[in-house]
Amino acid sequence: MNKKTYNISKLHDKTSTVLLTTALIIIALLYLFPLVWFVLSSFKPGSELFAYPLSVLPRNPTAGNYSDAWNSLDFPRLFGNTLISSVVTTFLTIIASATCGYAFAKYDQKWLSFFFVCIIATTMLPTEVIMNPVFIVIRKLGLYDSLAGIIIPSINTATGIFMFRTFFVSIPDDLVESARMDGASDGRIFFNIMLPIAKPVILTLSIFSFQWRWNDYIWPLIVLNNPKNYTIQVALRSLVGAENINWTILIASSVVSIIPLLLVFIVFQRYITDSNATSGLKG
Amino acid sequence: MQSKLKKNKWPLIFTGTNMILFFLFFFLPAILGFYYSLTDYKGYSTANFIGFENYTELFQDPSFYKAMLRTFRYAITLVPIVYVSSLAIALLLNSNYAKGKVLGKIIIFLPWTISGIIAGVIWKWLFGEHFGFINYIISVAGGEAVPWFTNANAAFAVIIMAAVWGGTAFNMLQFSNALKNIPASLYEAAEMDGANSSQKFWNITLPAIKPTSFMVILLASIGSMKEFALVQSLTDGGPGTDNVFIVQYIYQTGFEKMRVGYASAASMVLFAILLILGLIQMKIGGNKGE
């Protein structure tokens, strides 16, 4: 390469850097702005919320909207309900998906392949399509208007089963065989050897399952009736659906509802944005 | 017999929970749903068999067509936008030139933490007709305030923007992983042959991420066919019933009007559409569980 072309390519690199970095900044601002505007609005007193000219920063910042929101919604109970259903569902999803994915990966029975096809079928028929009959099943089982009614039907996820199956397929069968030779039962092999090495999958699926369940709306909406059992999303929807929206309370409540997942995101950010294990994930 | 049971003992224990759940909350409801679609069931009292009457009525119901067409239009508009924007952002975040990629990725991922309900509230606030930031900017710039939520197409546009905002992160992640897996040697060879960036994109990158592209397009299509929470909190199907999507239609007829049989017929139509989409996915994209 002679000197002249080298210089041109250097120049080209610099232009590319400037152009692409600018593009990235603009896109990031576009994605960030709705949220920033929303959060800043939550600190504006009611009189300032609709006063023209609008200003981005609150002129007289106040936390009053938050105390109003706190007084009008029973946050400890709503968070409690949402947290219980999210954590319990996630825990049970992990156990069920890990065992089921392991069975699909390590046993060779005809009926297992058949059941595997059944699980694939669930990805094609989302719960939204069968919500009426599922609701009737839930009522018949006595799960209506209880947290168990949103937890139990959500445990079975094809995505979780696929993730564990893919992982366990990559673990050599020899490991299972030699443990069997040593006289370990299949249950022991699974819980003492297989589950511990599946930690990365457990972590990824836990984060995603928690996010799906914390933000879930359609299930809780259908299953829950008594406001005492409401999850945060259903409670907020009742504020949005009101005849006259009380924006001061709605905005502050919404911001509060985002905080738990935001914390999860900040702590586990690199597992969420980088993991290869997440390909194909969907709620 | 004894040994057969022994051989199946552990796989049965391992898959038992999922089998019961699959039966109770998937197989049984699917059968029930088809059965109800042939009855006048109202959620209480008895279900009378009425044959295909629900389907006949459904195909003559203008509001069903409206919901179905709106949903199709939503999918057809949203999927290409989500595809292009997620791929563009993934390419940007994968390029050697852009600076601040880690921070950029975190910011673009933030909407992922936000539920459909809250995303709806945020965009409703941003686009408020009399108080929203967007109309304020338009009026400051000397324009006419846009009636975002009283005009059906403007409201539709806001739904699309909110959905792109919320849906980028997931799809971008898929593309990011696919881009990382393209061997660098391919690009080096192309460079030797004097290929420019756009030639490299069309001849190397795009063919290499084809499987991911199919997955993104199909998951996004299925996802947009069942959009519910975002629309409900953003416009509640409005103005009027102009932006009622199919899942909301099923919800309203089944749970608000208590016409379970009729709603089940609508569900079966949606099921058929999703099944076709799913079969296309398997045919083209292969089995993603493998």
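The values are calculated or read from the model by the stated rules, or taken from the named source; none is laboratory data. Computed from a predicted model, the values in this text were never measured in an experiment. Glycine also receives a Cβ, built like all others from the backbone with ideal geometry; neighbour counts cover every protein chain displayed. Note: accessible area is taken over every heavy atom of the protein model, side chains too, but ligands, DNA and RNA are not part of it. Shrake-Rupley method; radii C 1.70, N 1.55, O 1.52, S 1.80 Å.
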So which of B:Lys124/B:Lys226; A:Lys14/B:Lys124; B:Lys66/B:Lys210; B:Lys99/B:Lys283; A:Lys14/B:Lys200; A:Lys140/B:Lys66 end up more than 30 Å apart, counting from Cα to Cα?
A:Lys14/B:Lys124; B:Lys66/B:Lys210; B:Lys99/B:Lys283; A:Lys140/B:Lys66
Hey, got the average number of other protein chain Cβ atoms within 10 angstrom for residues in A:230-237?
3
Taking the Cα-to-Cβ direction at A:Ser113 and at A:Asn71 and moving 7 Å from each Cα, how far apart do the two end points lie in nm?
6.7 nm
At 1.4 Å probe radius, can you tell me the per residue accessible area of the stretch A:74-245 in Å²?
40 Å²
Prolate/oblate/rounded call for the protein assembly as shown, Cα gyration tensor, a/c under 1.5 rounded:
oblate
For chain A, which DSSP H helices look membrane-span-like by this rule: Cα extent along the axis of 27 Å or more and mean Kyte-Doolittle of at least 1.6?
A:247-274
Using alpha carbon centroids, what distance separates the stretch B:1-51 and the stretch A:163-181, in Å?
31 Å
Note to self, the protein assembly as shown gives a 222 nm [θ] from helices alone (DSSP H runs n ≥ 4, -39500 (n - 2.57) apiece, / all residues, nearest 500) of -22000 deg cm²/dmol
Full extension from B:Lys99 to B:Gln199: what is 0.36 nm times the residue separation minus their Cα-Cα distance, to one decimal in nm?
33.6 nm
Summarise the partner chain shielding of B:91-104 as one whole number: the mean count of Cβ atoms from other chains within 10 Å of each residue's Cβ.
5
With the Cα gyration tensor of chain A giving a ≥ b ≥ c as the square roots of its eigenvalues, does the rule (a/c under 1.5 for rounded; else a/b larger than b/c for prolate; else oblate) give rounded, prolate or oblate?
oblate
Give the lysines reachable from A:Lys199 as a straight Cα distance under 26 Å; neighbours fewer than 8 places away on the same chain don't count.
A:Lys106, A:Lys282, B:Lys9, B:Lys105, B:Lys180, B:Lys288
Between B:Asn151 and A:Ala51, what is the label-to-label distance in nm when each label sits 7 Å out along the Cα-to-Cβ direction?
3.1 nm
Carbon and sulfur atoms: what percent of the 1.4 Å accessible area of the protein assembly as shown do they account for?
66 percent
Please compute the modelled spin-label separation between B:Tyr44 and A:Leu29, points set 7 Å along Cα→Cβ, answer in nm with one decimal.
5.8 nm
How would you classify the stretch B:46-286 from its alpha-carbon gyration tensor, with a ≥ b ≥ c the square roots of the eigenvalues: rounded for a/c under 1.5, else prolate if a/b is greater than b/c, otherwise oblate?
oblate
Cβ neighbours within 10 Å from other chains - mean over B:38-47
1
Here the Cα Rg-to-2.2 N^0.38 Å ratio for the stretch B:118-165 is 1.08
Probe radius 1.4 Å, ligands and nucleic acids left out: can you give me the accessible area buried at the B-A interface, summed over both chains, in Å² to the nearest hundred?
9000 Å²
